[in-house]
Amino acid sequence: MPVVRVDKDLDSHTMTVVAEYDAPVERVWQLYADPRQLERFWGPPTWPATVVDHDLSPGGRVTYFMTGPDGGKSSGYWDVLEVDAPHRFVVSDGFADDSGRPNPDMPTTRMELELTVRSGGGTTMTVRSTFASTEAMAQLLEMGMEEGMHAAMGQIDGILAAVG
């Protein structure tokens, strides 16, 4: 399993997920830079993602929806804050309504993704989610955020092997 560690810090309202992949940083970056590759893993296996808009540059926005096994949809977006390709990006990650507009009734998180060269080769991916409050963190964890990230990141090895 690619996920090697999950650290939750209630005091700082953060969850950090660390995963390792046997591919160079530049290749792992392409999973996020290419919307067709992103949608192959961003949703858990039973909730595949469809990327609608993809502008992974500062000030840009990525919008998507995930479709559940019963046909229900859950929409989301990333407002892109910082990008240092191919090593790091920072986004405001939120829920959206059916038209793609941010849902103000749901919490947003600051998601920082960092890719580093792993000792001995390959890539270490670190995803740090910072929540606005303990309540927001509890709400998203209760909705299955940690399990969803495990499932999504668990699909990456197959994509790396298939797309080279």
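The values are calculated or read from the model by the stated rules, or taken from the named source; none is laboratory data. Remember, predicted model here, so these are calculated numbers, not experimental data. Because the Cβ atoms are built from the backbone with ideal geometry, glycine has one as well, and the counts that use them run over all protein chains shown.
Odds and ends about this structure:
- Taken together, Gly60, Gly100 contain a single residue that is surrounded by fewer than 17 Cβ atoms within 10 Å (Cβ to Cβ), over 14 Å from the mean Cα position of the chain (by Cα), more than 22 Å from Glu146 (Cα to Cα) and modelled with pLDDT of 95 or more, which is Gly60.
- Among the residues making up the range 106-125, a single one is surrounded by fewer than 17 Cβ atoms within 10 Å (Cβ to Cβ), touching a strand residue (DSSP E or B) at 6+ places or on another chain (Cβ under 7 Å) and polar (S, T, N, Q): Thr116.
- Matching residues, the range 91-105, being closer than 28 Å to Leu115 by Cα, without any contact (Cβ under 8 Å) to a residue 24 or more places away in the chain and out of contact with any Lys or Arg (no Cβ under 7 Å at 6 or more places or on another chain): Gly94, Phe95
- Subset tally (residues that are in a strand (DSSP E or B) and under 14 Å from the mean Cα position of the chain (by Cα)) for the range 9-40: 5
- Cβ-Cβ contacts under 8 Å between residues 6 or more apart (or on different chains), taken from a first residue in the range 30-45 that is more than 16 Å from Thr67 (Cβ to Cβ) to a second residue that is of a type in the set (Gly, Ala, Ser), are listed as Ala33/Ala85.
Rundown of residues vs (1) touching a Leu at 6+ places or on another chain (Cβ under 6 Å); (2) crowded, with 16+ Cβ neighbours inside 10 Å; (3) among the basic types (Lys, Arg); (4) on the phi > 0 side of the Ramachandran plot, yes/no style:
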| position | (1), (2), (3), (4) |
| --- | --- |
| Arg40 | no, yes, yes, no |
| His54 | no, yes, no, no |
| Met66 | no, yes, no, no |
| Pro69 | no, no, no, no |
| Lys73 | no, no, yes, no |
| Asp84 | no, no, no, no |
| His87 | yes, no, no, no |
| Phe95 | no, yes, no, no |
| Pro104 | no, no, no, no |
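- All positions within the range 41-70 that are in a strand (DSSP E or B), within 17 Å of Val91 (Cα to Cα) and among the polar types (S, T, N, Q): Thr63
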